Amino acid sequence: IADQFIRSGAQKHVLIVGYGSIGEAIERRLLPFETTVTRVARRPRPDDNVHGIAELTQFLPDADVVVLVTPLTAETRHLVDDDFLRHMKEGALLVNVARGGVVDTDALVRAKALAAHRAKLTAILCIGETKDEREAGQALAVVKRQLDDSLPEPASAANLILAYEPIWAIGTGLTPTV
């Protein structure tokens, strides 16, 4: 992906969400590629051309790349949710340099599966529980929640493959069963 961006980076619009010292360093590295950068931080800083987080959704439709550099706080947990993803330009790249909790994983899986469906592709949805969830007897409940929370509306057996890949079994040589 980075290789593609370098070759075609000119004229790309990059939205940096979390414009602090790391966001500034990312911008310095992008500018030689003739990118246009929009800066967003918790609070607007008009003197530095930094927009506040309240304005975020108005910039998403124009961004070719969205770079997340925010800390994980109560305000930023699941910042990237269904609404955020709906506002993003089709085909835009989401780069999460922030903590994982900034992105609602179920919303991201739904958006990817829906994009595959729209492109007439078959989506592969990997589901499974952690070792702690398995040992607590929660495997079926976890898998059901993942299915309920992650499947997009048009999902059917004709356009979706489910893969049971519990985290506890990856790389262990053990055969996962529910």
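What follows draws every value from the coordinates through simple rules; no lab data is involved. Quantities reported herein were computed from a predicted structural model and do not represent experimental measurements. Glycine gets a Cβ as well: all are built from the backbone with ideal geometry, and neighbour counts include every protein chain shown.
Here's the yes/no breakdown for (1) more than 24 Å from GLU90 (Cα to Cα); (2) part of a strand (DSSP E or B); (3) without any contact (Cβ under 8 Å) to a residue 12 or more places away in the chain:
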| position | (1), (2), (3) |
| --- | --- |
| ARG134 | yes, no, no |
| VAL143 | yes, no, no |
| ALA155 | no, no, no |
| ILE161 | no, yes, no |
| TRP168 | yes, no, no |
| GLY171 | yes, no, yes |
| LEU174 | yes, no, yes |
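Each row is one residue, and each column tells you yes or no for (1) surrounded by 11 or more Cβ atoms within 10 Å (Cβ to Cβ); (2) of a type outside the set (S, T, N, Q).
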site	(1), (2)
LEU147	yes, yes
ALA163	no, yes
GLY171	no, yes
THR177	no, no
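Taking the range 95-119 as the region of interest, how many residues are free of Cβ contacts under 8 Å to residues at least 12 places away in the same chain and more than 21 Å from ILE170 (Cβ to Cβ)?
Matching residues across the range 95-119 total 2.
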